[in-house]
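The block underneath contains the structure these notes are about, expressed in C-alpha cells.
Read the figures in this text as sums done on the coordinates, not as results from a lab. Predicted model, so just to flag it, every value in this text is computed and none were measured. When we count neighbours, we look across all protein chains shown, and the Cβ atoms used for this are built from the backbone with ideal geometry, even at glycine.
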Amino acid sequence: MRRFQEVSGVAFAACAAEALLAVTLAVGSGLADDKIQPPADGTLKGVADFQSIGEPSARSRALFTEAAKVITGPRCINCHPATRSPTQGDDRHPHRPPIQAGESGMGVAGLNCHSCHRFKNTSLPGSRVGSIPGAEHWLLAPASMAWQGLTLGEICRQLKDPARNGGRSLADIHKHMSTDHLVAWAWQPGAGRRPAPGTQEVFGALIEAWIATGAECPS
Ligand code: HEC
Ligand code: HEC
C-alpha cells in the first residue's frame, strides 16, 4: 500500500481511480475541515440505565432513541444516504471524488468502491484524511435503507418494515446490528475518524431490549 502514501499524485496516477484519489487527497485540504461539527457525545447508555422507566412502550422508545446515537451517527449514516452517493466525514459532506453508487451500491464499471476501499482500513500517514476506510464488501446501503433526512420515528418504522429492510424479521435486525461486519467497522473506522459511541455489544443489547419491549418507535 506504499503507493497510497505518496500524496503528490505524480507517483501513482496509474489508473483512473488512483488518479482521482490523489486529487481527492491533495486538493480541498482544509475546506470541509472548518465545517466539522464539535464532537458528538461519545458515550452510549446501557440497557440497565432504562430499567427505571416502568411503562414498557415508553422504555422501548427511550431504548431506541439511545441506540439512534449510533444509527444516526456519521459512521453509519454516511453509508445510508438519501441519494445514491455516499457522504463523508462528521459533517456528511458529499463524497470526494463524486461517486455514483448506482443500483448495485458498488459504483459504476471502472470506478467502483473497491478501486479505493480495500478489505480493511488503509492508513495514509500524514495525509488530510488519515486513512481510507475499508472492510469486506464495502458498498452503499440500498435506496430503501436510506436514513439521511428522515426523523428518528421514520428511521425506526423503516427498519421494522420487511418491504424496505431487506426482508428481515426483528430478530434478523438484531442479529445484523450486533454481528454485521460493516456495522462493526463503525467502531474501528481507521485513523482520522471518530468511532461510533459505546461498543457494538452495548448497542446490540439496546436493540435487543428495544425489541423485547415491543419495538416501539418515537413519534
Ligand atoms: C460501508 C457502508 C455501510 C456502513 C458503514 C454501514 N452500513 Fe448498514 N448497510 C449497508 C449495506 C450495503 C446494507 C445492505 C446489506 C444487506 O441487506 O444485507 C446495509 C444494511 C443495514 C441494515 C439492515 C436493513 C435496514 O433496515 O436498514 C441495518 C440495520 C444497518 N445496515 C445498520 C447499520 C448501522 C447501525 C451502521 C453503523 C453502526 C451501518 N449500518 C453502517 C452498508 C453500510
Ligand atoms: C477514488 C477513490 C474512492 C472511490 C472510488 C470510493 N471512495 Fe469512498 N472514500 C474515499 C476516501 C479517500 C475516503 C476518506 C475520505 C475522508 O475521510 O475524508 C472515502 C470515504 C468514504 C466514506 C466515509 C466514511 C466516513 O464515515 O467518514 C464512505 C461512506 C464511502 N467512502 C463510501 C464509498 C462507496 C459506497 C463507494 C462506492 C460506491 C466509494 N466510497 C468509492 C475514496 C473513494
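Can you name the residue in region 181-205 that is more than 28 Å from Ser127 (Cβ to Cβ) and out of contact with any Leu (no Cβ under 9 Å at 6 or more places or on another chain) and, of all such residues, is surrounded by the fewest Cβ atoms within 10 Å (Cβ to Cβ)?
Checked region 181-205; the qualifying residue surrounded by the fewest Cβ atoms within 10 Å (Cβ to Cβ) is Glu201.
Out of the residues in region 153-169 that are of a type in the set (A, V, I, L, M) and buried (at least 18 other Cβ atoms within 10 Å of the Cβ), state the one that is farthest from ligand 2 (Cβ to nearest atom).
Leu159
Limited to region 180-207, what total is found for residues that are away from ligand 1 (no atom under 11 Å from the Cβ) and free of Cβ contacts under 8 Å to residues at least 40 places away in the same chain?
Residues flagged as away from ligand 1 (no atom under 11 Å from the Cβ) and free of Cβ contacts under 8 Å to residues at least 40 places away in the same chain within region 180-207 amount to 1.
Out of everything in region 79-88 that is surrounded by 15 or more Cβ atoms within 10 Å (Cβ to Cβ), assigned to a loop (DSSP other than H, G, I, E, B) and touching a residue at least 60 places away in the same chain (Cβ under 8 Å), what residue ends up being farthest from ligand 1 (Cβ to nearest atom)?
Only one residue tops the list, namely Pro81.
Taking Arg75, is it more than 10 Å from ligand 1 (Cβ to nearest atom), of a type in the set (Lys, Arg) and either surrounded by 16 or more Cβ atoms within 10 Å (Cβ to Cβ) or over 23 Å from His176 (Cα atoms) (or both)?
Working: more than 10 Å from ligand 1 (Cβ to nearest atom): no; of a type in the set (Lys, Arg): yes; either surrounded by 16 or more Cβ atoms within 10 Å (Cβ to Cβ) or over 23 Å from His176 (Cα atoms) (or both): yes.
Taking the combined requirement at face value, the residue does not satisfy it.
Just need a number here: residues in region 129-152 that are farther than 16 Å from Arg92 by Cβ, crowded, with 16+ Cβ neighbours inside 10 Å and in contact with a Phe, Trp or Tyr (Cβ under 9 Å, 6 or more places away or on another chain).
5
Could you list all residues from region 89-111 that are assigned to a loop (DSSP other than H, G, I, E, B), farther than 26 Å from Ala196 by Cα and near ligand 2 (Cβ under 8 Å from one of its atoms)?
Residue satisfying the conditions is Gly102 alone.
Which of the residues belonging to region 135-165 are farther than 20 Å from Lys69 by Cα, in a helix (DSSP H, G or I) and touching a residue at least 40 places away in the same chain (Cβ under 8 Å)?
Across region 135-165, the qualifying residue is only Ala143.
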